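One structure below.
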Amino acid sequence: MHPLLIARVLGLFALLFAATLTVPVAVGLAYGEAELRHLLLPLSGALALGLVLWLSGGLGARLRIGRRGELGVRDGFLIVALFWLLLSALGAWPLALGIGLTPVDALFESASGLTTTGATVITGLDALPRSLLFYRQQLQWLGGMGVVVLGLAVIPLLGIGGMQLYRAEAPGPLKEEKLTPRLVGTARSLWLLYLSLTLACALGYRLAGMDTFDAVAHSLSTVSTGGFSTHDASLGYYQSPAVEAVAILFMLLAAINFGLHYLVWTKRDAWLYLRDAEARAFLGFVLLVVLVVGLVLALEQVFADPLTGFREAAFTVVSLVTSTGFATVDHAHWPDFLPVLLLLIAFVGGCGGSTAGGMKALRVLLLVKQGLYEVQRLIHPRAQVPMRVGRRVVDAGLMQSVWGYFALYMITFVLCGLWMIHSGLEPLSAFAAVATSINNLGPGLGEVAYNFQGVSDQGKLVAVAAMLLGRLEIFTILVLLTPGFWRG
């Protein structure tokens, strides 16, 4: 392990975060906000911290780290974990100064934004300064693709490789795959795609009737599948089918593997979306759940006409399965099993390599295929049929990692749920709070159906831990708790 080099990398990331704060400052100036202390002080603090870490780690740049100058496995995991903890703390500073949140509430709001969870402790959003509203949206946008991936685009400044950072940060089970031969090219391609989708989404919202500020602000939380809004009523504020249609389109695009977007972009072949096994399974699952929810709403006559019910079903299902968490209606009080079903679909989440949360559709698809495979083995014990996803044969190592992830995921979910009950929530609300946190979803059920204001400080800290575990997909955090990590 190389502490000086780790400090230098963290310093770089702190400097990048300080640079991002100039954008909400510019927004505040554009809207004539005279008081910007809540942004300028954190900007100065992050800049100073970044410079101290960068300069103190300068000796690390002269160390010889392996034959190819790569960060080690332990360095990568530690940098990513420390970075997200550091960034959550730095991100809380403007919220504490600008809104007057307590330290725990500010940390909760910051972590919720950066992990694209979208749960909040704030009400009265419509009255907040534009600079703070934009800052919250920007937190989600940065966390969506991961500021670590942004750092990989400039990591050559350190004279070292960054593959271990990418492995620790990248969502989904296929962490070794890169879009381009060079890691820097991969990071830049990801961010170019991300930025292009964001600009297209902002244009779509503007054409659908939003003003320019809201269009840009909501595009940041849509493409990141974050779900923060500039209004307490979320997208329900607009009561606009056009706005909902734009949101559905870009939530779905953001929940599909960005590697697949890259292939479609470079090969100019949109049919690749339907040829990809994971994307096809994900979209089929979304369609099935929309039909089920829409049918129940129609049978229960929740809305005046079935078409309205299916429209609301489509928006709500897409919003929750992609872990975005936008709302247009109070789905927590829909009839029958619908509230529980809508919470459960968040466990599936989007595709691997997307900004969506959850376990990822590819992992769920592999678990289902493995279950069916075991049934076939009971019928034909001697049959040797390889498991495939599309045309790709799934090797045993990948399945082991998927089952290992699933086991740790469920153990973590149960333990955090019990801890949340201990913090004061009744069981349904406790497990809903953990489900919405670990899946980076936002809205829950019971006491956390709308916000986390009524949750104790201890419960909020449990939620923060679950958010980070979910965003970094369990392993990145838990590996730091193993004795072998520190002995190596």
Using the count of nearby Cβ atoms within 10 Å as a rough guide to exposure, how do Phe315, Phe108, Phe431, Phe285 rank from fewest to most? Phe285, Phe431, Phe315, Phe108
Is any residue of the range 456-488 close enough, with backbone N under 11 Å, to a label point placed 7 angstrom from the Cα of Phe406 along the Cα-Cβ axis, and if so, which? none
Distance between the C-alpha centers of the range 405-463 and the range 298-333? Whole Å please. 23 Å
Find out how many positive minus negative residues lie around Tyr238, taking Lys and Arg as positive, Asp and Glu as negative, among other residues whose Cβ is under 9 Å from that of Tyr238. -2
Sort Ser401, Ser234 so that the residue with the fewest other Cβ atoms within 10 Å of its own Cβ comes first and the one with the most comes last. Ser401, Ser234
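Would you count, across the chain, every pair of lysines whose alpha carbons are under 20 angstrom apart, provided the pair is eight or more residues apart or spans two chains?
4
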Between Ala396 and Leu295, how high is the FRET efficiency from 1/(1 + (r/R0)^6) when r is the Cβ-Cβ distance and R₀ = 56 Å? Nearest 0.05. 0.90
Once you sort the root eigenvalues of the Cα gyration tensor of the range 207-269 as a ≥ b ≥ c, which label holds: rounded (a/c under 1.5), prolate (a/b larger than b/c) or oblate (the other case)? prolate
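Calculate, in nm to one decimal, what Thr266 and Val375 gain on full extension: separation in residues at 0.36 nm each, minus their alpha carbon distance.
35.2 nm
What is the magnitude of the charge dipole of the chain about its Cα centre, with +1 placed on the Cβ of each Lys and Arg, -1 on the Cβ of each Asp and Glu, and no other charges, expressed in debye to the nearest 20? Provide the component values of the computation, followed by the final result.
Working: 31 positive and 28 negative charges, 497 e Å.
Computed about the Cα centre, the dipole is about 2380 debye.
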Residue order, fewest to most surrounding Cβ atoms within 10 angstrom, among Trp271, Trp419: Trp271, Trp419
At what distance in nm do the modelled label points of Leu478 and Ser56 sit from each other, each positioned 7 Å from its Cα along Cα→Cβ? 3.2 nm
How much mean residue ellipticity at 222 nm does the chain get from its helices, if each DSSP H run of length 4 or more adds -39500 (n - 2.57) and you divide by all residues, to the nearest 500 deg cm²/dmol? -20500 deg cm²/dmol
Modelled FRET efficiency - R0 25 Å, Thr123 with Ala34, Cβ distances, 0.05 increments: 0.50
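Once you wrap a convex hull around the alpha carbon atoms of the range 178-324, what is its projected area averaged over all directions, in nm²? Write out the running numbers ahead of the final one.
Details: hull surface 38.5 nm².
Averaged projected area of the range 178-324's Cα convex hull equals 9.6 nm².
Throughout, read-outs are computed from the coordinates displayed, never taken from laboratory work. Owing to the predicted nature of the structure, the values given are computational and were not obtained by experimental measurement. For neighbour counting, all protein chains shown are included, and Cβ atoms are generated from backbone atoms with ideal geometry for every residue, glycine included.
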